Each structure stands twice: as C-alpha cells, then as structure tokens.
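Note sheet for the following structure.
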Amino acid sequence: MKLLFEQHKDGRRGFTYAKVDVPKAEPLAAKYCRKSETYLPSLSELDVVRHYTNLSRLNYSVDTNFYPLGSCTMKYNPKFTERIANLDGFSQLHPLLPQLLGGGMLAQGSLEVLYEAEKMLAEITGMVAFTMQPLAGAHGELTGAMLIAAYHKDKGARRKYVIVPDSSHGTNPASAAIAGYEVIVIPTGPDGYMDLGEYKKRLNKEVAAVMLTCPDTLGIFNPHIKEISDMAHEVGALMYYDGANLNAMLGKCRPGDIGFDVVHINLHKTFATPHGGGGPGAGPVGVGERLVDFLPLPRVIRRNDGTYALDYHRHKSIGYIAPFYGNFGVILKAYAYMLILGKEGLTQAAEAAVLNANYCRARLKDYYELPFDKPCMHECVFSASKQAKNGVHALDIAKYLIDKGYHPPTIYFPLIVKEALMIEPTETESKETLDVFIDTMIEIARLAQDDPASVSAAPTRMPIKRLDEVKAAREPDLRWKP
C-alpha cells in the first residue's frame, strides 16, 4: 500500500471551507508558531476512506482467522455480550454516578451486576469474596500480593519471600517484587512439575506466599498441588492462584478447594471479553475468609431492603487500587456470558479446550519435540529444537505461519523450554479448523528438513517481508520524509 503522503496530488481536496465571516484574531506570538512549513498531503475524501478501509483489512483478528496464541486464550467471543454492554442503561452511565448525591439509586442495575458477578466468581473459584476493581491480570496479581502483605502485617509477622516456580507467568515475580518481597524461584523437575525437593528446602517461616499458575505455562496440572498447599500453610504462608489459565479448570476444580487463599481471574481470557490490543481487561481478585477485611475500597453491598450501595467503611482495607469499580463493560460481558452458559456450559467449555489441546499434542508430537510427553490441559508446549538442527528456529516457523494466514502461536515462552512453541486452540475452534492448522504445522516440519531455506525466508507473501528485526529495534524509521 502507498502511504497517504505518496498519494498526494496538488490541488486535490476532500472538502472546502465556507467563507470566513468573523473578524481575524490576533496572530499567535512567534514563539508558538512553526519556523518551517509542514507537509500534509492533498487528498479526496474517497482517497482517505479507501486508504483506511484497506489498512483495516490488514488487521488480524479472531473473527477472521484461527489465532492459536498460547497462554492468552485468544478465543472467539459471542457478539451477544457486546449488545448487552451497549445497552443505554449501562453504556450511558457515568462512572462517578454512584459517588454523587443520590447517584447510587440511579445506578442500581450496574451495582447489582457487580454484586452478582462477584458472587458467581466466588462460587466458581471456591472463594468467599471478590474485588472487581483490578483492571488487568497483572493489576490483579499486584492487588493479591498487596492483600497478602496487609494480612501478614496485621498479624505482626515479618515475611521476606515469595516462592514462584520457573514455569510461572513472568508477571508473578514482578508483582511480588513490587509488593516488597524477594522472590525465590523453584526449578521444574524432569517430570515437568515444580521440584518438590527444592520447594521443601526453600520453604520456611519467612515465606509470605507461594504463587502458582495452575495449570502452569507448560499446560500441565500439578498433581501435588494439595501437598504443596498444605506445606505452605504449615509455615503460615498463603497460596496465590494465578488464574490466567482458569479456562482449563471451569467446573472441574475450584482453587479454594485445593488450598488457595487468593485468586485472580482474567475475565478477558476465560469469560469471553475481547482480548488483545492493549486492553480493555479485567482482573478481579478473590480471597478466602481471612483476607476479606483487606479487600480494596469501596465494596458493593446489598442492603436489607434489597438495594445496593458502596461501602467505604473497612478500616483494614488496602484502599483504592482503581479510580472506579473496574472495567465495568468487561465485567458486564463476563456476567452475561456466565448467565447464558451456566454451570454445565462453562464445564463443557473447559472440556472442549482441554480436548482440542490434547488433539493438537497427539497429532504433532511425532513432528516436533515434546519436552514433557504427558496429557496437557488447555495448551500444549512443543520445542522446535529438532528443526533448529537444520537452521529453522521457532521464529522462522512463526513467520511461515503468517504466510499461511495464521497468527503464530506464542514462541520462546515458557523460558524453560528451548525453541518453545506454545499452542492454545481454545474451546471455540472446530476439528476441521484444527486439522488444517495441524497439516500446516506438519508441512513446516517437513520443509524444515527438506528445504529449510524456504521456511527461513518467510514471510514472502505479506506487504512487509522478512525484516532485520535487530536493526528495526535499534534504528526505527518512524517518520515519512518527502
């Protein structure tokens, strides 16, 4: 595509100004004026409309193609939830209205959604209460770490450490560090689980919490999770559940039932709200009984007369963690999704996600190295180490998939797998779609052996061909010059 600057034609206009009939204003002082002419292209309205329409068609979305991006749950989201969020009674509500005089009575419907969504999430996860305020998963993690810190401080306990496995999401150690803790990393054993022996060595009464992604980023559920939880509680530590992979667990296992004290949920992953492009997200945090008093302000409560209000009177609370009550539109879509699917539907979603991932794992394991060859949950992690011996790396495979019309899966994560390829098919994709994708992956594996140069050259069919990515990062060319 040509840039708008390159489409410029002298004298061409998209509109004309009406004759000015107001007195001229005093000119701006020289210091506020440009010292040289700026160049803007002259274009017709049609030129501009076509340019941006064609530009938008280059966007990749799950509405148009398969998007197997592991650990992010890039699944199709039903359009009815968008319609719910666009209802005037919700979309036209000012976010500060409940705080204004009488505003709470004008926002009863929205407060009820927040209250009921909290109750549903508590039932799904086995928690006692939730805060709906965190604006993303990492924000939820930080909120959870702050709740843990407040709990230990209230008990007068001096705790220095948070334990995370090396298969955790990268934001786990960052959230713990921001909350003031030192991080202890436990390696993964040869069985694909957190090394229990090393865990026992490092666990002591200075550990504030154990943060686990469950299932972990290898897509594996740790069968020792209850034992890990019991050992943490014996030394007074709390268990933190990273719920980014909760879509594998819905209706099957509640974090609260296996010993977790704090849970964050990515509504924009598990509960059908659009994910990607920097947001919007929502990362509600649930807690067990002993942490309820520390939840952020305000809390949505239901009065005896059945109306809803905001409660600011919680003296042990960690305070405000967001200016409003969360990304309400995202919460509303998740609420509608939970209502329409119900317990049976959510359970079926988890079953289909796990089935699809294991189907991909079984069909591809003869072509790509499988570091831990055991049934997976919602995502499977391969390694391109076999292909790398012929000079074809995970990045090359990702670029070739772009040529084939696919968004690449996550590559080089988790860090503990060399040449990692993390594939998450999600529950919303059909067997036919998966078969075509799998056949493409098999084709790449064969090309990597017979004609590796063709894979390493990709993409060749896109508007932008293979970039020198190091140069692009170090010497970005961000401005068009005539």
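Quick look at the numbers
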| read-out | value |
| --- | --- |
| Solvent-accessible area per residue, Å², over segment 430-482 with all protein chains present [probe radius 1.4 Å] | 73 |
| Karplus-derived HN-Hα couplings along segment 322-337 (A = 6.51, B = -1.76, C = 1.60, θ = phi - 60°), whole Hz, x at Gly and Pro | 7, x, 10, 10, x, 6, 4, x, 5, 4, 4, 5, 5, 4, 5, 4 |
| Relative pair counts by distance (%), Cα atoms of segment 386-448, 5 Å bins | 4, 17, 27, 27, 17, 8, 2 |
| Residue-level accessible surface for K333, protein heavy atoms, 1.4 Å, Å² | 30 |
| Solvent-accessible area, 1.4 Å probe, carbon plus sulfur percent, for segment 266-417 | 54 |
| For segment 469-479, Karplus couplings with θ = phi - 60° (6.51, -1.76, 1.60), whole Hz, Gly/Pro x | 5, 5, 5, 4, 6, 8, 10, x, 10, 9, 10 |
| Extension gain from T16 to L87, taking 0.36 nm per residue of separation minus the Cα-Cα distance | 21.8 nm |
| Residue order for F5, F437 - accessible surface, 1.4 angstrom probe, largest first | F5, F437 |
| Surface share of carbon and sulfur [accessible, 1.4 angstrom probe, percent] for segment 118-229 | 54 |
| Reciprocal of mean inverse Cα separation for the chain (Kirkwood radius, Å) | 25.3 |
| Column: log10 I(q)/I(0), Debye, Cα scatterers of segment 288-376, q = 0.13, 0.15, 0.23 Å⁻¹ | -0.76, -0.84, -1.14 |
| Cα convex hull of segment 306-356 - mean projected area over all directions, nm² | 6.4 |
| Net charge of Cβ neighbours under 12 Å - reference A334; Lys, Arg +1; Asp, Glu -1 | 0 |
| 5 angstrom amide H check on A129, placed H, neighbours 5+ away | V287 |
| Accessible area of segment 120-275 divided out per residue, in Å², using a probe of 1.4 angstrom | 33 |
| Normalised convex hull volume, segment 238-350, alpha-carbon set, Å³ per residue | 138 |
| Inter-label distance, nm, simple model (7 Å from Cα along the C-beta direction), K389/L97 | 6.5 |
| Isotropic mean projected area of the C-alpha convex hull, segment 98-156 (nm²) | 5.6 |
| Accessible area of segment 301-369 divided out per residue, in Å², using a probe of 1.4 angstrom | 52 |
| Distribution of pairwise C-alpha distances over segment 325-448, 10 Å bins, in % | 12, 39, 28, 16, 5, 0 |
| Amide H contacts of T428 (H built 1.01 Å from N, under 5 Å, at least 5 apart or other chain) | Y76 |
| R0 of 35 Å, Cβ-Cβ distance K35-D468: FRET efficiency to nearest 0.05 | 0.50 |
| For segment 178-242, alpha-carbon Rg relative to the globular expectation (2.2 N^0.38 Å, N residues) | 1.07 |
| Ranked packing of 83-95, 131-143, 469-481, most packed first, by mean Cβ within 10 Å | 131-143, 83-95, 469-481 |
| Unit Cα scatterers, Debye sum, segment 14-139: log10 I(q)/I(0) for q = 0.10, 0.11, 0.18, 0.20 Å⁻¹ | -0.78, -0.87, -1.17, -1.31 |
| Stretch gain in nm, segment D435-I340, where the contour uses 0.36 nm per residue and the Cα spacing is subtracted | 31.3 nm |
| Mean ellipticity per residue at 222 nm, deg cm²/dmol - from DSSP H runs of n ≥ 4 across the chain, formula -39500 (n - 2.57) | -11000 deg cm²/dmol |
| Dimensionless Rg ratio for segment 1-43, taking C-alpha atoms and the 2.2 N^0.38 Å reference | 1.64 |
| Under-5 Å amide H pairs with L238, H placed in peptide plane, nonlocal only | A209, V210 |
| Accessible heavy-atom area order of C360, C33, highest first, probe of 1.4 Å | C33, C360 |
| Descending Cα extents along the principal axes, segment 159-298, whole Å | 42, 37, 27 |
| Residue among V49, Y60, N86 farthest towards the positive dipole end of segment 1-123, charges placed on Cβ | V49 |
| Rounded to whole Hz, the Karplus (6.51, -1.76, 1.60) HN-Hα couplings of segment 286-303, x for glycine and proline | x, 9, x, 4, 6, 10, 4, 5, 9, 4, x, 8, x, 9, 7, 10, 10, 6 |
| Taking the convex hull of Cα positions in segment 328-399, its mean projected area over all directions (nm²) | 7.1 |
| The chain: antiparallel DSSP beta bridges as a percent of all, rounded to 5 | 55 |
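The values are calculated or read from the model by the stated rules, or taken from the named source; none is laboratory data. This is a predicted model, so every value here is computed, not measured. Note: ideal-geometry Cβ built from the backbone for every residue, glycine included; neighbour counts use all protein chains shown. What goes into the accessible areas is simple: the full protein's heavy atoms, side chains included, and nothing from ligands, DNA or RNA. Shrake-Rupley method; radii C 1.70, N 1.55, O 1.52, S 1.80 Å.
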